[in-house]
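Asker: Take a look at the following structure, please.
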Amino acid sequence: MAGNWKMYKTAPETAAFFEKFNPLVANTKGRDIVICPTFPNLIAAVQGAKGASIGIGGQNIFWAKEGAYTGEVSAPMLVAVGVKWVLIGHSERRQYFGETDETVLKRTQAALEFGLKPIVCVGEKLEEREGGRTETVLAAQFSGGIAKLSAEQFAKIVIAYEPVWAIGTGKTATPEIAEQAHLFLRAQVEKAYGAAAAGAARILYGGSVKPDNVKVLMSQPDIDGVLVGGASLDPAGFASIVNF
């Protein structure tokens, strides 16, 4: 159950969030909770989550360990501040910052090299959905950005399906549409890595997930969790999603 805060909250607001959120999930069992704040808030988040079963994730990483890459952050830098997870290939990174399947793969490999757990995002745009190209797009993103991982590497990642047309729009893929995409992605995993890997793979749904729709989404057999945007900014709301 992952929250992506995008470009919201200051360090004091981050600390205040965890003060309210931690007691609401203190007794939660059987699921991973991950929150991905902005880079300047990572230390505040790690401190805020101390003693709680909450993982902190970065929203992106660069693939080099260090170097002359102004504005970038490396995997060792995230590890050094206590980060365990990282989002890779979010649609907003693809849309605004030129992320490609090739760079998604490089970032994922860098994350794995330094022990981070990548949440690798895939998903189609509205015109691709309406043009009947959803599966073509997902297959290309999977083959170019994920399938070149070794089986050992693949076992350490989480996939997030986030239809771009449902992110921040208030539109949510119906449970049936989401399930169909997840089932297709699981078939891609089976083709690349075998049936056991397909059964073990965790595939999250992201796209206007809210407290009032999480239960019906999570009832689908191939949806293993959610990647929550705006609704993860409110401690009570995100806790109700985590504890659906």
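What follows draws every value from the coordinates through simple rules; no lab data is involved. Small disclaimer: the values here were computed from a predicted structure and weren't measured. No Cβ is skipped: glycine too gets one built from the backbone with ideal geometry, and neighbour counts run over all protein chains shown.
Asker: Give the relative contact order (percent, whole number) for the stretch 2-242; include only Cα pairs under 8 Å separated by 6+ residues. Don't jump to the answer; show the numbers that get you there.
Answerer: Values: 438 pairs, mean separation 44.3, N = 241.
Once normalised by length, the contact order is 18 percent.
Asker: Find the eigenvalues of the gyration tensor of the Cα atoms of the chain, then list the square roots of 5 times those eigenvalues as equivalent ellipsoid semi-axes, largest first, in whole angstrom. Mind dumping the intermediate values first?
Answerer: Details: eigenvalues 129, 98, 57 Å².
Each semi-axis is the square root of five times an eigenvalue, giving 25, 22, 17 Å.
Asker: Using unit Cβ charges (K, R positive; D, E negative) and no other charged atoms, how large, in debye to the nearest 20, is the dipole of the chain about its Cα centre? Show your work: numbers first, answer last.
Answerer: Numbers: 24 positive and 24 negative charges, 100 e Å.
In total the dipole reaches around 480 debye.
Asker: Can I ask one more? Where Lys and Arg each count +1 and Asp and Glu each count -1, what net charge lies around MET7 among other residues with Cβ under 15 Å from its Cβ?
Answerer: +1
Asker: For the chain, what does -39500 (n - 2.57) per DSSP helix run (n ≥ 4), summed and divided by total residues, give at 222 nm, in deg cm²/dmol to the nearest 500?
Answerer: Numbers: 12 runs with 106 residues, N = 244.
Value at 222 nm, helices only: -12000 deg cm²/dmol.
Asker: Near CYS121, within a Cβ-to-Cβ distance under 10 Å, what is the net charge of the other residues, with Lys and Arg +1 and Asp and Glu -1?
Answerer: On the way: positive: ARG93, ARG94; negative: GLU92, GLU99, GLU162.
Overall, the nearby charge balance is -1.
Asker: If amide H atoms are built 1.01 Å from N in the plane of the peptide, which residues on other chains or at least 5 residues away come under 5 Å of the amide H of GLY58?
Answerer: TRP85, VAL86, LEU87
Asker: Let me ask something else about it. Given contacts defined as C-alpha pairs under 8 Å and at least six residues apart, what's the relative contact order of the stretch 1-119, whole-number percent? Walk me through the intermediate numbers first.
Answerer: Details: 187 pairs, mean separation 27.0, N = 119.
RCO, the stretch 1-119: 23 percent.
Asker: Rule-of-thumb check for the stretch 175-234: C-alpha Rg over 2.2 N^0.38 Å?
Answerer: Working: Rg = 12.4 Å, N = 60, 2.2 N^0.38 = 10.4 Å.
Ratio of Rg to 2.2 N^0.38 Å for the stretch 175-234: 1.19.
Asker: Quick one: Cα centre-to-centre distance for the stretch 213-237 and the stretch 11-43, in angstrom?
Answerer: Here the two parts' Cα centres lie 16 Å apart.
Asker: Please give me, ordered by residue number, the trypsin sites (Lys or Arg not before Pro) of the stretch 1-94 that lie in loop per DSSP and have at most 12 other Cβ atoms within 10 Å.
Answerer: Answer by residue number: LYS29, LYS50, LYS65.
Asker: For ALA195 and ARG133, what does the FRET efficiency come to when R0 = 25 Å and r is the distance between their Cβ atoms, rounded to the nearest 0.05? Walk me through the intermediate numbers first.
Answerer: On the way: r = 27 Å, r/R0 = 1.08.
So, using R0 = 25 Å, E works out to roughly 0.40.
Asker: Scan the stretch 1-48 for chymotrypsin sites (Phe, Trp or Tyr not before Pro) in coil per DSSP, keeping those whose Cβ has at most 16 other Cβ atoms within 10 Å, and list them by number. Intermediate results must be reported in sequence, preceding the final value.
Answerer: Values: sites: TRP5, TYR8, PHE17, PHE18, PHE21; in loops: TRP5, TYR8.
Here the chymotrypsin sites (Phe, Trp or Tyr not before Pro) that fit, given the DSSP loop and packing criteria, are TYR8.
Asker: ARG202 versus THR100, label points 7 Å from Cα toward the beta carbon: distance in nm?
Answerer: Distance between label points: 3.1 nm.
Asker: What nm value, rounded to one decimal, do you get for the distance between GLN180 and ALA52 when each label is placed 7 Å out toward the C-beta?
Answerer: 3.8 nm
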